[in-house]
Amino acid sequence: MATMKSLIGLINKIQRACTVLGDHGGEGMSLWEALPTVAVVGGQSSGKSSVLESVVGRDFLPRGSGIVTRRPLVLQLHKTEEGTTEYAEFLHAPRKKFTDFAAVRKEIEDETDRITGKSKQISNKPIQLSIYSPNVVNLTLIDLPGLTKVAVEGQPDSIVQDIENMVRSYVEKPNCIILAISPANQDIATSDAIKLAREVDPTGERTFGVATKLDIMDKGTDCLDVLEGRSYRLQHPWVGIVNRSQADINKRVDMIAARRKEREYFETSPEYGHLASRMGSEYLAKLLSQHLETVIRQKIPSIVALINKSIDEINAELDRIGRPIAVDSGAQLYTILELCRAFDRVFKEHLDGGRPGGDRIYGVFDHQLPAALKKLPFDRHLSTRNVQKVVSEADGYQPHLIAPEQGYRRLIDGSISYFKGPAEATVDAVHFVLKELVSKSISETEELKRFPTLASDIAAAANEALERFRDESRKTVLRLVDMESSYLTVEFFRKLHLEPEKEKPNQRNAPPPNADIHSDNHFRKIGSNVSAYINMVCDTLRISLPKAVVYCQVREAKRSLLNFFYAQVGRKEKEKLGGMLDEDPQLMERRGTLAKRLELYKQARDDIDAVAWK
Ligand SMILES: Nc1nc2c(ncn2[C@@H]2O[C@H](COP(=O)(O)OP(=O)(O)OP(=O)(O)O)[C@@H](O)[C@H]2O)c(=O)[nH]1
């Protein structure tokens, strides 16, 4: 069977670990709240601090007027071998051992101010203090601010409610044992502690009533009705305490002497002599320790169940956000390539139809390009006036005799050069669609979300590749246009001469007023022939430009978008690979917190297994 020391010591260990991880209850069923503790509750100046110091046997708590205790003090008592030196340790100063308990008091005051500032504010962030002494029992007590009635200078009006809310947040927990301190020299009916305890623990199963200041009750009055269970009955018998009076404190009566004085008081008291064996702070400490140990033993199964549930939840979240990356360069390289492949898969799905986006490229070919071609200013370029101008310039001093060969060539070259605009616009439009698809694919690749550095490296590499593909595509489409200029389709013109006159004068070729009909008809005819040829070229380019763009940009993007990147990664020094896997700092912090919490819960489970089932 586990010893009392080991069980309570175990809970102390888990409690300290919870505090390190910032789990001090309040946020849903935390491990902290599953741990049984003893909360010391009482009105101002009810004697809380005196009881705690009597239990510890040391003078170590801050004293003063108004609200002295402004943060919960989690006091873990560890019984050490007889003759060993007493010392204290704070969780917030783990390597500092305090043997001077006056310094402990100062550290409690300073640590309180560190969080609440010099104001009289309170804070629910606990101070964790462990005391190792042969004069204590294994016990964990939480000292809470006194339930006050009136805000004093420098306190906000809400202080009364704030304190009650904080105290209530502790005592309402089913695992909290309530040490209700009531001064016997005041009507117990007005005890703040009993009132609150009655509310949160109506059956009194987890309330221990303590009556202090028995020694200064009005002459002729005593506390026997309460101590002998006739009034304010609780499941556990009340314990009477006589702490040091203010005079004793001022005279620096030490705690061990005070305990002796308290024992003598009860042993020689006519009223309480018969109760002496179950009165006094030493008896109270032993009673609480035994009860705490019983409660812990009862609660172990539910604590283990909560720990196991928490372990499963943490493992599930770690799986979701991803486990830490291995540190060896081989594993890192593998991870990087895997992530690149994941991105590539998403990108290809966008192009091939699994995800939206590829259709926008078709939209460029099916709408944007035809519309742009239609808008080209061939009307103006092939107006009769301009045809006449270009042909005349091409003839020079000798007008052409039959067909103006040079004039035709210049008109056709001039017309074909207009195609360069729509050709380059198509290349750019497809480029921007591909760039957008790269960006969408990065954001849709779940695995990449935790590696912002790698995500931006992949985006940069992909966009660099798209720029290269665009340059190549631009050269190719311009070459296609130039090819149309470089060698005209002779068959077209041969066929032309065989065909009868079809062209009727229309608005576009209408001759200017009082022009020479022969030359106008002649130039209009030329313009119409060139226009027919250009229409043929236009039909050819409307088909060949998309092929060139797909071949140079879309096909390359599918085949080799990251090939350069793979080569770069392969050349990176090993230590640089880790840098590519830098994670979102918040994510790393979250994973670190989860890993620490997981370690706490696993350790707690192992400790409990090691102790509880012996
Ligand atoms: N005679 C006598 N005086 C006591 C006893 N218990 C406490 N006192 C005195 O009552 C005053 C308040 O005692 P504390 O222990 O500071 O009470 P407290 O509830 O901790 O006070 P705050 O934390 O400041 O609200 C001090 O002057 C103590 O000396 C007792 O049993 N007998």
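The values are calculated or read from the model by the stated rules, or taken from the named source; none is laboratory data. Everything numeric here is computed off the predicted structure, so don't read it as measured data. Quick reminder, even Gly has a Cβ in these numbers, built from the backbone with ideal geometry, and neighbours come from all protein chains shown. In case anyone asks, the SASA skips ligands and DNA or RNA and just uses the protein heavy atoms, side chains included. Shrake-Rupley method; radii C 1.70, N 1.55, O 1.52, S 1.80 Å.
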(request) Pop out the carbon and sulfur fraction of the accessible area of the stretch 158-253 as a percent, whole number, probe 1.4 Å. (result) 48
(message) Suppose only helical runs count, i.e. DSSP H with n ≥ 4. What mean residue ellipticity at 222 nm does that imply for the chain under -39500 (n - 2.57) per run, divided by all residues and rounded to the nearest 500 deg cm²/dmol?
(response) -18500 deg cm²/dmol
(message) About the Cα centre, and with charges only on the beta carbon of Lys, Arg (+1) and Asp, Glu (-1), how big is the dipole of the chain? Nearest 20 debye, please.
(response) 880
(message) Which aspartates and glutamates, if any, have their Cα less than 14 Å from the Cα of Lys97, not counting same-chain residues under 8 positions apart?
(response) Glu86, Glu89, Glu107
(message) At 1.4 Å probe size, put Arg114, Arg320, Arg470 in order of accessible surface, largest to smallest.
(response) Arg320, Arg114, Arg470
(message) If the only charges are +1 at each Lys and Arg Cβ and -1 at each Asp and Glu Cβ, what is the size of the charge dipole of the stretch 191-299 around the Cα centre, to the nearest 20 debye?
(response) 320
(request) Pop the C-beta distance of Asp471 and Ser439 into the FRET formula with R0 = 30 Å and round what comes out to the nearest 0.05. (result) 0.90
(request) Towards the positive end of the charge dipole of the chain, with charges on Cβ (+1 Lys, Arg; -1 Asp, Glu), say which of Val200, Ser182, Val56 has the farthest Cα. (result) Val200
(message) Leaving out ligands and nucleic acids, and using a 1.4 Å probe, what accessible area per residue does the chain come to in Å²?
(response) 49
(request) Set the Förster radius R0 to 41 Å, insert the Cβ-Cβ distance between Glu446 and Arg114 as r into 1/(1 + (r/R0)^6), and round the FRET efficiency to 0.05. (result) 0.45
(request) Search the structure for amide H atoms under 5 Å from the amide H of Ile127, placed 1.01 Å from N in the peptide plane, and list their residues when 5 or more places away or on another chain. (result) Leu73, Val74
(request) Could you please report the charge total around Lys96, scoring K, R as +1 and D, E as -1 over all other residues with beta-carbon less than 10 angstrom from its beta-carbon? (result) 0
(message) Just to confirm the number: angle between the C-alpha axis of helix 420-444 and the first principal axis of the chain, 0 to 90 degrees, nearest 10?
(response) 20
(message) In whole Hz and in residue order, list the ³J(HN,Hα) couplings for the stretch 253-267 that follow from phi through the Karplus curve 6.51 cos²θ - 1.76 cosθ + 1.60, θ = phi - 60°; x for Gly and Pro.
(response) 4, 7, 5, 5, 5, 4, 5, 5, 4, 5, 4, 4, 4, 6, 5
(request) Tabulate in residue order the Karplus-calculated ³J(HN,Hα) for the stretch 226-232, using 6.51 cos²θ - 1.76 cosθ + 1.60 with θ = phi - 60°, rounded to whole Hz; enter x for Gly and Pro. (result) 6, 5, 9, x, 8, 9, 6
(message) Can you give the FRET efficiency to the nearest 0.05 for Tyr334 and Asp582, using r as the Cβ-Cβ distance and R₀ = 22 Å?
(response) 0.80
(message) If N is the number of residues in the stretch 126-275, what value comes out of its Cα radius of gyration divided by 2.2 N^0.38 Å?
(response) 1.14
(request) Place the peptides 100-110, 150-160 in order of packing, highest mean first, counting for every residue the other Cβ atoms within 10 Å and averaging per peptide. (result) 100-110, 150-160
(message) Taking only Cα atoms of the chain, what ratio of Rg to Rh do you get with Rh as the Kirkwood inverse-distance radius?
(response) 1.40
(request) Round to the nearest 10 and report in Å² the accessible area of Asp59, as given by a 1.4 Å probe over the protein chains' heavy atoms. (result) 50
(request) Please sort 426-434, 230-238 by packing, taking for each peptide the average over its residues of neighbouring beta carbons within 10 angstrom, highest first. (result) 426-434, 230-238
(message) Can you compute the modelled spin-label distance between Ser231 and Asp539, with each label point 7 Å from Cα toward Cβ, in nm?
(response) 11.5
(request) Any chance you could look up the accessible area of His400 with a 1.4 Å probe, heavy atoms only, rounded to 10 Å²? (result) 40
(message) Given points 7 Å out from each Cα along the Cα-Cβ axis, report the Ile402 to Glu271 separation in nanometres with one decimal.
(response) 14.3
(request) With a 1.4 Å probe and every protein chain left in place, tell me how much accessible area Leu478 has, in Å² to the nearest 10. (result) 40
